[in-house]
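Encoded as structure tokens, the structure appears first; notes follow it.
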Amino acid sequence: MAEVVDVAAVDIGGSRLKAAIVRSDGTYELARTLPTPPDLEFRLGEVVGDVVAGLTRDLGRPPAAVGLAAPGLVDDTRALGVFSANLGWRALDLRRPVAMATGLPVAVGHDVRAGLLAECWLGAATDCSDVAFVPIGTGVAAALLVDGRELVAGGFAGEIGHVVVVPDGPACGCGGRGCLEAVAAAPAIARAYAQRAGLDPTAAAGCDAQAVAALVAAGDQVADAVWTEAVDHLARVLATVALAAGTQQIVVGGGLAQAGEVLLSPLQARITTYGGALRPLRVVAAALGDFAGCLGAGRLALRLLAAP
């Protein structure tokens with residue numbers, strides 16, 4: 001029987017940092033969630049080093065390596081945080097400060113691609129080599145596995161949220177207009193419903209995508225129209241991606257996936273209409289929830305240890 005190896009896994013989010021000890025047998029322990037410091041760019045080694053030190057104390061022995069998943073544009077090959085709009089960094093060396101602080105080998109990857117790795121290792125895509133992992137929440141992104149290999153392209157692969165689907169549509173955080181993210185991410189759905197329903201500012205402030213999904217399930221016609229448009233935009237982009245990459249299975253995660261069949265059923269139907277003629281496309285819910293990125297960071301570290 002192979003020896004079980006422990007690694008420290010850290011998933012950096014825009015507002016929260018998740019960490020755990022992940023084992024080579026797929027189990028994990030000592031999971032914890034902390035606020036992401038606003039000045040993380042300047043204290044990356046210190047912050048991650050402290051987290052790993054705490055995990056080491058609780059575990060009673062040092063982990064064999066550290067896996068770090070980061071948001072934004074991440075060049076895995078160079079371990080470089082190319083750009084993060086939420087955290088404000090550009091061209092940030094993600095490996096060296098952590099390696100110096102911990103004295104351990106460090107594997108670095110993108111948070112969405114780490115989620116893909118986790119879903120393929122332990123979650124909803126364990127039996128598939130051609131997969132798209134698509135978290136839909138505050139933003140929309142994709143991580144692609146083609147012939148069993150992740151697509152990276154210097155960090156730019158999978159930025160589907162910035163495909164323009166409504167020319168001259170709502171402004172997007174990237175500087176463009178009418179991007180998929182600006183019309184089909186969770187905040188965009190909530191804003192569209194509030195506008196069409198004529199909600200006053202107080203009521204609009206309390207409206208989110210989960211509330212819109214509940215209204216869809218209850219038969220609200222305005223909510224249904226907003227939801228149908230968002231799903232149609234998502235389906236067109238995802239079907240195009242699937243046809244280009246040969247994707248067989250689309251794993252939907254993020255906050256919007258909590259809507260369950262209210263999202264998955266129409267998304268499956270529209271994707272089949274737009275892109276299922278040559279190869280059947282399955283749409284399934286992610287299995288690992290919010291912790292996929294952290295488990296994926298652990299998988300990156302384990303893979304680093306196994307590399308020749």
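The values are calculated or read from the model by the stated rules, or taken from the named source; none is laboratory data. The shown structure was predicted, so the numbers you read here are calculated from the model rather than taken from an experiment. Using ideal geometry, Cβ is built from the backbone for each residue, glycine included, and neighbour counts are taken over all protein chains shown. With ligands, DNA and RNA removed, areas are computed over all heavy atoms of the protein, side chains included. Shrake-Rupley method; radii C 1.70, N 1.55, O 1.52, S 1.80 Å.
Listed values, structure above:
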item: Sole exception among (1) assigned to a helix (DSSP H, G or I); (2) within 16 Å of A184 (Cβ to Cβ) for I250, by number; result: (1)
item: Region 160-197: number of residues that are of a type in the set (G, A, S), under 26 Å from A244 (Cβ atoms) and either outside any helix (DSSP H, G or I) or open to solvent by 70 Å² or more (accessible area, probe 1.4 Å) (or both); result: 6
item: Yes/no for G296 being closer than 30 Å to G103 by Cα, within 12 Å of the chain's Cα centre (by Cα) and touching a residue at least 12 places away in the same chain (Cβ under 8 Å); result: yes
item: Every residue from region 141-153 that is open to solvent by less than 70 Å² (accessible area, probe 1.4 Å) and within 17 Å of the chain's Cα centre (by Cα); result: A141, A142, A143, L144, L145, E150, V152
item: Index of the failed condition, T138 passing every other in (1) among the β-branched types (V, I, T); (2) under 17 Å from the mean Cα position of the chain (by Cα); (3) open to solvent by less than 20 Å² (accessible area, probe 1.4 Å); result: (3)
item: Qualifying residue in region 265-276 (condition: hydrophobic (A, V, I, L, M, F, W, C), more than 18 Å from A114 (Cβ to Cβ) and open to solvent by less than 50 Å² (accessible area, probe 1.4 Å)); result: yes
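Conditions (1) in contact with a helix residue (DSSP H, G or I) (Cβ under 8 Å, 6 or more places away or on another chain); (2) farther than 28 Å from C294 by Cα; (3) aromatic (F, W, Y), marked per residue:
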site	(1), (2), (3)
A188	yes, no, no
C207	yes, yes, no
A218	no, yes, no
G255	yes, no, no
Q268	no, no, no
